[in-house]
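Dropping the structure in here first, questions after.
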Amino acid sequence: MSLERALELAERGRGTTRPNPVVGAVVVRDGETVGEGWHERPGGPHAEVVALQAAGERARGATMYVTLEPCAHHGRTPPCADALAAAGVGRVVAAVGDPDPRTSGRGFDRLRAAGIAVETADEELEWRARVQNEGYRVWVAHGRPLVTYKVAATLDGRVTVPGSRWVSGEASRRFVHELRAASDAVAVGMGTVRADNPALTAREVAFDRQPRRLAFGRGPLPEGSELELRSGGLESELGGLARDGVQTLLLEGGPTLASSFLRAGLVDKLLVFVAPRLAGEGPTLLASFPGPVDVRRFTARRIGEDVLLTAYIHQP
């Protein structure tokens, strides 16, 4: 399917497009793919323009499949909506709208004004497109990073196991390092800092750069700690991080900090590693907070001996 191919192409820009989203595009005419493209770097041509250049004259009357609503504003490059109109494209199928207030809805309006038919994807492909750029979407729409709470827990909901350093298994712990490497920032609360003095670095996995490593709460930090202390209000601190370009924040603990974020409505995504163990005692994965809170898109998969539960509180 052409939109699925566009989603695949978009991933080729992963890690090189920041702060822009990853975007893929496919041009189809008479059932044949005549052009493909993806966004590679800020300031470079957008996916739609690359695909149009590949298609050439065959773009006239064709259908453009693209993972994100074509832009309608003039930034470092001209509006893609205008390029599509100039190329004579007859139809655009976009997986999801762009949350950027400079484009949101305006790209579709400009296409329709040019006589181009506009369609959007079904619910499943739309969700995939949202998740593909989840950090960007929250960052540009809400002025803060996407916040993911990651926690490892036993079957009885405890986040520590008496006599054991670890709750989860080796495969899960390695996966956490991959999550850190893919995040702009990683954070814990001062309770975790005082108990464990964590480094929060990504280790033994491939990474382009280490995430920013933060501690929320009142100091002081332990001697030798390389964490950044963030002592302001949560919304204010997240706004400051967003202005620094931080689009994704991995919240690793502890339960008190996570509950503070939940009370403020600032947790977007949950990652719960459930280990096949019973602790019998110890702190639970969350402190008390006003509930209930409904989640969506709840999924489960095996990670080694553990099960990873994923759910969203807010749609990206």
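The values are calculated or read from the model by the stated rules, or taken from the named source; none is laboratory data. The structure presented is a predicted model; accordingly, all values stated were derived computationally and were not measured. When we count neighbours, we look across all protein chains shown, and the Cβ atoms used for this are built from the backbone with ideal geometry, even at glycine. To get the accessible areas, we keep the full protein, side chains included, count just its heavy atoms, and leave off ligands, DNA and RNA. Shrake-Rupley method; radii C 1.70, N 1.55, O 1.52, S 1.80 Å.
Apply the Karplus parameterisation 6.51 cos²θ - 1.76 cosθ + 1.60, with θ equal to phi minus 60°, to every residue of region 121-128 and state each ³J(HN,Hα) to the nearest whole Hz, in sequence, with x for glycine and proline.
With coefficients 6.51, -1.76 and 1.60, one gets 7, 6, 4, 5, 5, 4, 4, 4 Hz.
Okay, moving on. Once the piece of chain linking residue 11 and residue 120 is laid out straight, how much longer is it, given 0.36 nm per residue of separation minus the C-alpha distance between them?
37.2 nm
Please sort by residue number the trypsin sites (Lys or Arg not before Pro) in region 46-100 whose DSSP state is loop and whose Cβ has at most 15 other Cβ atoms within 10 Å.
Qualifying residues, ordered by number: 60, 76.
Using a 1.4 Å probe on the protein heavy atoms, what percent of the accessible area of the chain belongs to carbon and sulfur?
In the chain, the share of accessible area belonging to carbon and sulfur is 48 percent.
How long is the gain from residue 305 to residue 112 if the chain were fully straight, where each residue apart is worth 0.36 nm and the alpha carbon distance is subtracted?
64.3 nm
Mind checking the angle between helix 170-182 and the chain's longest principal axis? C-alpha axes, 0 to 90 degrees, to the nearest 10.
With both axes taken from Cα atoms, the answer is about 50 degrees.
Here's a follow-up. Using 0.36 nm times the number of residues separating residue 231 and residue 205, minus their current alpha carbon distance, what extension gain do you get?
Result for the pair: 6.3 nm of gain on full extension.
Ignoring everything except DSSP H segments at least 4 long, calculate the 222 nm mean residue ellipticity for the chain; use -39,500 (n - 2.57) per segment, divide by total residues, nearest 500.
-8500 deg cm²/dmol
Give a quick list of trypsin sites (Lys or Arg not before Pro) in region 215-316 that DSSP marks as loop, anything other than H, G, I, E or B, with at most 15 other Cβ atoms within 10 Å.
218
Per residue, how many Å² of accessible area does the chain show with a 1.4 Å probe?
Computed with neighbouring chains in place, this is 47 Å² per residue.
Mind running the shape call on region 1-130? Use the C-alpha gyration tensor, a ≥ b ≥ c as the square roots of the eigenvalues: rounded below 1.5 for a/c, prolate if a/b tops b/c, oblate otherwise.
Rounded is the answer for region 1-130, as its axis ratio a/c remains below 1.5.
Using a 10 angstrom Cβ neighbour count of at most 13 plus a DSSP loop assignment to flag exposed GluC sites (Glu not before Pro), which longest range of the chain is free of such sites?
In the chain, the maximal stretch lacking such sites is 1-203.
For volume of the Cα convex hull per residue in Å³, the listed values are (i) 107; (ii) 126; (iii) 140; which was obtained by calculation from the structure presented?
Only one listed value fits the structure, namely (iii).
What's the FRET efficiency of residue 284 with residue 60 using the Cβ-Cβ distance as r and R₀ = 41 Å, to the nearest 0.05?
0.10
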